[in-house]
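Chemist: There's a structure below that I have some questions on.
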Ligand code: OSB
Ligand code: MG
């Protein structure tokens, strides 16, 4: 039996699913091309098996459909109507994947269910799909910070100074066509002096009339720009590449499947992949993409969606299998939240998170309760 077949045959029983809606206050406001965020709303899926073993998955889509077409209320409806009614008291992991695959789209939601099931399976059998990745995982994962849009130069200077001093391996700045390029002119001496890698993320906010600002970033830094244009705007990508041959284009929102990776690669516009486990539909789908990128030497790193410690731990584990990545968008818990729901928190030392330390980051039922704003338990019906 191949490792993949073995993973598919792993058994998983099912007693109930608890859908837990959280609202975790953030340390500070975060502004991007998508919108403003003051707290992290999250949907946690708790899967309980016949023996009372519990696994947790995080659905990291936003509460609104401004990053992807999924949003939390709709994710809850999907699990209620099209996932739980089809779960059996006993099945294999392969059966579950087939059921999830039948549903078109809804990747963040499907990934959360898969993650919860995988946590149960791993506790019961010690096996996980990570066995499909043959390389020895890193013991320490390099991480970067994603910085929002700033309207106050002094504040921006302080934040950049602090991020550089804290030791992040990469600084990623959110940009939009309205961004203050004069602020960047002021910040540049700090950036160029430091040896930290700098990149940008436009969240698809640039259009055909915004090339002046796009070209400023492409020419000034000759670095990576993430998702400059709305997904599928190949015309703008080709124009950007023609005008700035040294720019690296990284994709985020645009990549929802291995097929999307193949398309961009074949079109010759794929320089880098920001892989978000939820956005592509889970661990199994992420592994396919990681293997394709490795085979074709396409740089690939793990991105985040401000996950709580639950999703963050999984993301970091995935990142440990990408030895060549410069850094991942997976900062420690205290960069985001006043309080996380795992303890100890995810911590960073010298720009790295230790994988060993994550084994101790356990979900805290009292903290989960503290930040729960709504919940519902659905029992097995089949
Ligand atoms: O575009 O990468 C993005 C957060 C939410 C939605 C989209 C994005 C982000 C981030 C945060 O950049 C990265 C992180 O979790 O640190
Ligand atoms: Mg992005």
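Chemist: Could you check the stretch 181-203 and list, in sequence order, the residues that are touching a strand residue (DSSP E or B) at 6+ places or on another chain (Cβ under 6 Å) and either assigned to a strand (DSSP E or B) or within 16 Å of ligand 1 (Cβ to nearest atom) (or both)?
Modeler: 196, 197, 198, 199, 200, 201
Chemist: Check off (1) touching a helix residue (DSSP H, G or I) at 6+ places or on another chain (Cβ under 6 Å); (2) within 16 Å of ligand 2 (Cβ to nearest atom) for residue 253 and give me the number that stays unchecked.
Modeler: Of everything listed in (1) touching a helix residue (DSSP H, G or I) at 6+ places or on another chain (Cβ under 6 Å); (2) within 16 Å of ligand 2 (Cβ to nearest atom), residue 253 misses just condition (1).
Chemist: Still on this structure: Here's a check for you: in the stretch 137-163, which residue that is within 16 Å of ligand 2 (Cβ to nearest atom) and in contact (Cβ under 8 Å) with a residue 60 or more places away in the chain is farthest from residue 351 (Cα to Cα)?
Modeler: Restricting attention to the stretch 137-163, the residues satisfying the condition of being within 16 Å of ligand 2 (Cβ to nearest atom) are 143-149.
Of the ones still in play, those that are also in contact (Cβ under 8 Å) with a residue 60 or more places away in the chain are 143-146, 148-149.
Working: 143: 6, 144: 7, 145: 10, 146: 13, 148: 19, 149: 22 Å.
By that ranking, first place goes to 149.
Chemist: In addition: Return yes or no: is residue 352 under 30 Å from residue 200 (Cβ atoms), surrounded by 15 or more Cβ atoms within 10 Å (Cβ to Cβ) and either free of Cβ contacts under 8 Å to residues at least 40 places away in the same chain or away from ligand 1 (no atom under 13 Å from the Cβ) (or both)?
Modeler: Values: under 30 Å from residue 200 (Cβ atoms): yes; surrounded by 15 or more Cβ atoms within 10 Å (Cβ to Cβ): yes; either free of Cβ contacts under 8 Å to residues at least 40 places away in the same chain or away from ligand 1 (no atom under 13 Å from the Cβ) (or both): yes.
Yes: the conditions hold for residue 352.
Chemist: Any residue at all in the stretch 319-326 that is within 16 Å of ligand 2 (Cβ to nearest atom) and more than 25 Å from residue 113 (Cβ to Cβ)?
Modeler: For the stretch 319-326, residues within 16 Å of ligand 2 (Cβ to nearest atom) and more than 25 Å from residue 113 (Cβ to Cβ): present.
Chemist: Residues of the stretch 247-268 being assigned to a loop (DSSP other than H, G, I, E, B), surrounded by fewer than 16 Cβ atoms within 10 Å (Cβ to Cβ) and either within 16 Å of ligand 1 (Cβ to nearest atom) or at negative phi (or both), which ones? Spell out how you get there, then give the answer.
Modeler: Residues of the stretch 247-268 assigned to a loop (DSSP other than H, G, I, E, B): 247, 252-257, 267-268.
From what is left, the residues that are surrounded by fewer than 16 Cβ atoms within 10 Å (Cβ to Cβ) are 267-268.
Result: 267, single match.
Chemist: Further, regarding this structure: Of the residues that make up the stretch 282-290, is at least one surrounded by fewer than 17 Cβ atoms within 10 Å (Cβ to Cβ) and either at negative phi or not in a loop (DSSP other than H, G, I, E, B) (or both)?
Modeler: Residues of the stretch 282-290 surrounded by fewer than 17 Cβ atoms within 10 Å (Cβ to Cβ): 288.
So of that shortlist, the ones also either at negative phi or not in a loop (DSSP other than H, G, I, E, B) (or both) come out as 288.
Checked the stretch 282-290: at least one residue is surrounded by fewer than 17 Cβ atoms within 10 Å (Cβ to Cβ) and either at negative phi or not in a loop (DSSP other than H, G, I, E, B) (or both).
Yes/no matrix, rows are residues, columns are (1) assigned to a loop (DSSP other than H, G, I, E, B); (2) away from ligand 1 (no atom under 16 Å from the Cβ); (3) free of Cβ contacts under 8 Å to residues at least 24 places away in the same chain:
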residue	(1), (2), (3)
280	yes, no, no
297	yes, yes, yes
304	yes, no, no
310	no, no, no
313	no, no, no
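Chemist: Among the residues of the stretch 4-23, how many are modelled with pLDDT under 95 and within 21 Å of residue 85 (Cα to Cα)?
Modeler: Going through the stretch 4-23 one residue at a time, the tally reaches 0.
Chemist: Another question, if that's okay. Residue by residue through the stretch 204-221, note down the ones that are in a helix (DSSP H, G or I) and either touching a residue at least 12 places away in the same chain (Cβ under 8 Å) or within 14 Å of ligand 2 (Cβ to nearest atom) (or both).
Modeler: Within the stretch 204-221, 211, 213, 214, 215, 216, 217, 218, 219, 220, 221 meet the criteria.
Chemist: Return the total of residues in the stretch 156-172 being surrounded by 12 or more Cβ atoms within 10 Å (Cβ to Cβ) and assigned to a helix (DSSP H, G or I).
Modeler: 9
Chemist: Kindly list the number of the only condition in (1) farther than 27 Å from residue 10 by Cβ; (2) surrounded by fewer than 21 Cβ atoms within 10 Å (Cβ to Cβ); (3) within 16 Å of ligand 1 (Cβ to nearest atom) that fails for residue 317.
Modeler: Result: residue 317 passes all but (1).
Chemist: From the set of residues in the stretch 222-231 that are in a loop (DSSP other than H, G, I, E, B) and modelled with pLDDT of 95 or more, which is surrounded by the most Cβ atoms within 10 Å (Cβ to Cβ)?
Modeler: Applying the filter and picking the extreme gives 228.
Chemist: Now for a different question. Do the conditions hold for residue 244, that is, is it at pLDDT 95 or above and either surrounded by fewer than 21 Cβ atoms within 10 Å (Cβ to Cβ) or on the phi < 0 side of the Ramachandran plot (or both)?
Modeler: Considered against the rule, which asks whether it is at pLDDT 95 or above and either surrounded by fewer than 21 Cβ atoms within 10 Å (Cβ to Cβ) or on the phi < 0 side of the Ramachandran plot (or both), residue 244 comes out as no.
Chemist: Which one of these does residue 18 not meet: (1) part of a strand (DSSP E or B); (2) under 30 Å from residue 155 (Cβ atoms)?
Modeler: (2)
Chemist: Something else: Got a number for residues in the stretch 327-351 being out of contact with any helix residue (DSSP H, G or I) (no Cβ under 6 Å at 6 or more places or on another chain), more than 16 Å from ligand 2 (Cβ to nearest atom) and assigned to a loop (DSSP other than H, G, I, E, B)?
Modeler: The qualifying residues number 8.
Chemist: Taking the criterion of being buried (at least 22 other Cβ atoms within 10 Å of the Cβ), within 22 Å of the chain's Cα centre (by Cα) and outside the structural domain of residue 111 (by TED's automatic domain parsing), would at least one residue in the stretch 208-221 satisfy it?
Modeler: Looking for residues that are buried (at least 22 other Cβ atoms within 10 Å of the Cβ), within 22 Å of the chain's Cα centre (by Cα) and outside the structural domain of residue 111 (by TED's automatic domain parsing), one finds none in the stretch 208-221, hence no.
The values are calculated or read from the model by the stated rules, or taken from the named source; none is laboratory data. Treat the numbers as computed from the prediction; the structure is a model and nothing was measured. FYI the Cβ positions are ideal-geometry reconstructions off the backbone, even for glycines, and counts take in every protein chain you see.
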